[in-house]
1. Counting alpha carbon pairs within less than 8 Å and at least 6 residues apart, what relative contact order, in whole percent, applies to chain B?
2. Rg and Dmax of the range A:99-221, using alpha carbons, in Å: what are they?
3. Considering the Cα positions of the range A:16-94, please state its Rg to one decimal place and its Dmax as a whole number of Å.
4. Of all DSSP beta bridges located in chain B, what percent are antiparallel, nearest 5?
5. What's the average, rounded to a whole number, of partner chain beta-carbon atoms within 10 Å of each residue's beta-carbon in A:253-260?
6. Enter the mean projected area of the convex hull around the alpha-carbon atoms of the range A:190-300, in nm², rounded to one decimal.
7. List, shortest first and in nm to one decimal, how far the label point of B:Q288 (7 Å from Cα along Cα→Cβ) is from its counterparts in the other copies.
8. Along the charge dipole of the range A:173-328, Cβ charges K/R +1 and D/E -1, which of A:G259, A:G176, A:G278 sits furthest on the positive end?
2 protein chains.
Amino acid sequence: MSTLPRAMPHATSRSAVLDVIRAAGTISRVGLTSATGLTGATISTVVRRLIDDGLVLETGHAESTGGKPRVLLQLNLSSRFAVGVHLDHSGISYVLTNLGGAVVARMSRAGAGVADPPVVVARIAREVQALIEGVGVDRSRVLGLGLVSPGPMTPAGGMRLTPPSMAHWNDFPLAGVLETAVGLPVMLDNDATASAIGEYWSGGVGAATTFATVFMGAGIGAGLIVNGSAYRGASGNAGEIGHICLDVDGPECWCGARGCTEVVAGPAAVVAAARADGEIARATGLDQAGESPRSSTASAFAAVVRAARRGEPGAMNLLEASARYLAIATRTLANVLDLDLVVLTGPSLAIAGPIYLPVVQAELDRSFFARATHRITVQLSRSAAMSPAIGAAAIVLQAELVPLRQGLRLPENLVESGSGSLARASAP
Amino acid sequence: MSTLPRAMPHATSRSAVLDVIRAAGTISRVGLTSATGLTGATISTVVRRLIDDGLVLETGHAESTGGKPRVLLQLNLSSRFAVGVHLDHSGISYVLTNLGGAVVARMSRAGAGVADPPVVVARIAREVQALIEGVGVDRSRVLGLGLVSPGPMTPAGGMRLTPPSMAHWNDFPLAGVLETAVGLPVMLDNDATASAIGEYWSGGVGAATTFATVFMGAGIGAGLIVNGSAYRGASGNAGEIGHICLDVDGPECWCGARGCTEVVAGPAAVVAAARADGEIARATGLDQAGESPRSSTASAFAAVVRAARRGEPGAMNLLEASARYLAIATRTLANVLDLDLVVLTGPSLAIAGPIYLPVVQAELDRSFFARATHRITVQLSRSAAMSPAIGAAAIVLQAELVPLRQGLRLPENLVESGSGSLARASAP
């Protein structure tokens, strides 16, 4: 996994200035001096270079307060772009965002399925090329590509601990192969974590700086933002609420434990239950010739959701049972982190969210441990299907915008040591 | 709840310098300049005042590296002290620590029981007086008193969401009444959170900056340290692993949910099961005249542990069953936070830890989600009975030693903004 190229320690001042401009929307050089603690001379030099590089524009004057009018600066939003890719068994989503994180192009294509990883990577390279060319963006302006997937990434840039549907990706050196194929710097992350970064970056959570996404794609996970930084844990595996025990005597999960959220309530469990019940199988069309146990879980889950929305009681019962388990897993997450905001997101909740949302909210209202002190708000993402891809692009932008910590001369305990610090968009 | 008196912004440099000296052990003025980023002139002024105030000592010279020998500075450990109090139904523990957090006096007294809060507070004031006088420390050198208890604290300085045994403390204005009675600034916190702060502060976790304590006193909780800061959540209720669901159809818990760790595995559940089984009740002495269901859970739980250690199989079976539940709750915590270090602590684990530790370690080795990437080390606290009180004292010391964040001129996203920072005094 490569980091984007940059020089140190100069890049620190540059990133700090860029991030303050981004967060402020517009700001003067004097304002930058005050906000960053850098000297006027440093600000002057850094801003000059940012203007020369086309990343920042002079955009008019602040109202005079008696002295010399101050020139306002803003990001040149169309000066740089980032690609975000969400790779999953059942679908691959792409976004291209501008420097502010706004989506300027998006597309969805067939999932990785059972194809060999090199074949899928070659296709991703072609599809990324089409995405960039489709909106006429100069490739030299694309900072890099963020790719997120269910499998957490190893330091060597491959997947590990993948769910069964992605098991053939285990230890494939994804970052290096993809970087060669696409010709852009590549950054990898977990899709649930990216979904939280996407919500935070795109303004979907307002002023909140600590919250979680509850993510349901083919599997179930959570993305954690704590004090404005992505919390990833010791090995990038934080937020694994799909693998917390809801029933000590429950069925065995692929992860090796029993009664996990995913095995009792995930899309595959819902689909298996629908197929096992003759009436529900008929009502959802899962008994038909074109459908078989080998069909994608995502399309079969979508069929159950459509049946429930048509008023089929069996399908609705299955989804509500799944939602109750997901609600209890969400309560566990909320009790561990004492959250006040949870965002439901991910491809499966993009279609089933309206069924799950009231069940999760009601369970938290009824039994969240700290309910006597505050309520938890549960909301459905405005971009539940695309939030991992948007977060993937945001990870690339952050690497350009957010200063590196180690360049700062401060006692270590003053500075967040996590790698996951986030900036956020001033406007969605 | 009061904050300790200090001036701003001067206090920031002072605290930063103090904390760097504390962390370093010994350090020169040049070393301080390098570590803090403050100018040599500022360091010189701040150090002079710290020496004048008696908080810092000159302690000899560093080995010459060719230039002028450098004078080394260290904390004057006996210049200031802090009181830590762990208040619980079944026991009240006290420590007096020096400026470095080392315990210079400790004592344990009867618990709060069913006595009225004002009566208990008056006793605490007398016992704190005895603690301080017993070691001949001048009261003017005691910075303040930290009190921790199972009930999280409300902004008004009282308890809320208390377990049933402490229900009569609900909304009692503890901080104010205690401050008046003791004559010291008072800071309140949750006992499980304090246990983690105590481990971190006292060096029990080595160089780790992210870890959790799994705390078992009368109830079960967890204390979370993330990137060197206590994570408290939106209302100080983070880490409530006693109230996560291990069995959706399990017995109802006092918190309103079903199948919580505490109701299936806590000391009260162990004791109830021991009393309900005639053979175990006899083997543990819980059937005797002096014992009744009204006896303290702590003493009855201790009786079960003693019986297990004597080789009574029924008692051992009950504890191992409890340990398996606690292990699964610990796995949930570890899967949510992707931890690599868990410390077992609290009064109940002070006595039962040797039985619980191998069960928890084995469960994590077997089924922790990210076990393919790294192992989780589970260790027993070296001061499991006193760690909440030690942490309570540490919270007071931190308020003196660790700089406030807002005094620093940095972009906001460089500085931890959460309420959980160890650096902060609790809000009034």
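Values quoted throughout were computed directly from the atomic coordinates according to the rules given, and no laboratory measurement underlies them. Computed from a prediction, not measured in an experiment: that's the story for all the values here. Note that we place each Cβ from the backbone using ideal geometry, even for glycine, and neighbour counts take in every protein chain shown.
1. Taking the mean separation of contacting Cα pairs over the length of chain B, I get 19 percent.
2. In order Rg, Dmax, the Cα atoms of the range A:99-221 give 15.2, 43 Å.
3. 16.7, 62
4. The answer is about 65 percent antiparallel.
5. For peptide A:253-260, the averaged partner shielding equals 4.
6. So the mean shadow area of the Cα hull is 8.9 nm².
7. Reported distances to equivalent positions: 7.5 nm.
8. So the residue we want is A:G278.
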